[in-house]
Structure formats: C-alpha cells, structure tokens
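Worksheet: the structure to be examined is printed underneath.
The values are calculated or read from the model by the stated rules, or taken from the named source; none is laboratory data. Being a predicted model, the structure only gives us computed values, none of them experimental. Note: ideal-geometry Cβ built from the backbone for every residue, glycine included; neighbour counts use all protein chains shown. These area figures cover heavy atoms from the full protein model, side chains too; ligands, DNA and RNA do not enter into them. Shrake-Rupley method; radii C 1.70, N 1.55, O 1.52, S 1.80 Å.
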Amino acid sequence: MKKEFTACFTGHREIEDLFKAREGIRKASADLVKRGVTHFLVGGATGFDINAGELIFMLREDTWRILNMIRLTVVLPCSFKVFTQKWSEEERKRLRSLMRFTNKNIIMQKAYSPDCYKMRNQYLVDNSRYCICYYDESRFRSGTGQTVRMAEKQGLEIINLFGNLR
C-alpha cells in the first residue's frame, strides 16, 4: 500500500441525510480512483465508516473485472468483540460482513485502552494521501474532529462531504 494511492474515511456516527451522504461517498471515491487512488482505509465505526466501506466494496465489485485494482482495509482500534460490544446485532452483522470481503483487516490492539481510537485514527492518516470525511466543525471534540485535525497537520487533501450535503 503506497500512501500516494491511498485514501481514508472518517465521519460521524449520525448522518443527517444518509442517501446524500452515500452519494457523496460514491462520487468522491470514484473521482479519487480516476486520479489513481487504489486503496481505501476505513475505521469501521457505525454511521459514516461502515457506509463508506460498503460503497467502496460496491465500487470494487463494479471495477473488479476490468481493473482488478481497488483495495479496501478495515482498521479497528481494538478487537471486534470489544469494539462492537454496545452495538445492535444488525450493526455488528454489517461490520462482520464488510470485514469478510475486505482485502485486509487490521486490529490496532486486542484490548481496549484509552488511546486505542487515537492510534487507529493516526494509522488512517499516516497511511493516506487523501481524507474523505463527513465532519461538522461544530462537533470539534469528536474522533472525527481529531482525525481531520491530524490529516490537516500532515497535509492530506481533505474532502469534507458535510458542507456539500446541506
């Protein structure tokens, strides 16, 4: 995985208009593929992350026969069981299904620790050139805000879908 051909996703768990958000993810991802991006990293959280992963999977399936090039990696902060312990069964099923069809799954550490989410977010940014996000700047104190600030600090090209969907 080369950083210059990689994009990561980060976004809030709650999405105002899921249809518009999914369309924004699809368009932004397709545009990046046209620019040479072949690898996508997603953090696996409910909301934006899982939707982004599912759409990349569909994009990969659409281009598989022709290009055989789209790669998807799910990066979890801790084990699946710990990470999803407060989720509904439907949410766990969606992530489990997504992880079954990725090219790679990374678990930052087995057990939860106070910094495991930050480690996951740093991994996403450290290994990407682009950051597609759904970030409401009024929600500064969030994991999404943290990831976007990390991406800005490292000079990633940031594509914020939040403003485009209002």
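Selection of first residues in the range 29-53 that are among the basic types (Lys, Arg) and of second residues that are crowded, with 22+ Cβ neighbours inside 10 Å and in a loop (DSSP other than H, G, I, E, B), restricted to Cβ pairs under 8 Å at least 6 apart or on distinct chains, gives an empty result.
Any idea which of Ser29, Ser88 is open to solvent by 10 Å² or more (accessible area, probe 1.4 Å), of a type in the set (Ser, Thr, Tyr) and out of contact with any His (no Cβ under 9 Å at 6 or more places or on another chain)? Only one candidate qualifies: Ser88. Search the range 98-120 for residues being in a helix (DSSP H, G or I) and closer than 19 Å to Ile56 by Cα, and hand back the single one that is least open to solvent (accessible area, probe 1.4 Å). If we take residues in the range 98-120 being in a helix (DSSP H, G or I) and closer than 19 Å to Ile56 by Cα, then Leu98 is least open to solvent (accessible area, probe 1.4 Å).
Could you list, in sequence order, the residues of the range 121-147 that are assigned to a helix (DSSP H, G or I), open to solvent by 20 Å² or more (accessible area, probe 1.4 Å) and not polar (S, T, N, Q)?
Tyr123, Asp126, Gly143
Please determine, by comparing only the residues of the range 113-133 that are in contact (Cβ under 8 Å) with a residue 60 or more places away in the chain and aliphatic (A, V, I, L, M), which one is nearest to Leu156 (Cα to Cα). For the range 113-133, the residue satisfying everything is Val125. Of the residues making up the range 38-57, those that are open to solvent by less than 50 Å² (accessible area, probe 1.4 Å) and either assigned to a helix (DSSP H, G or I) or more than 16 Å from Thr102 (Cα to Cα) (or both) number 11.
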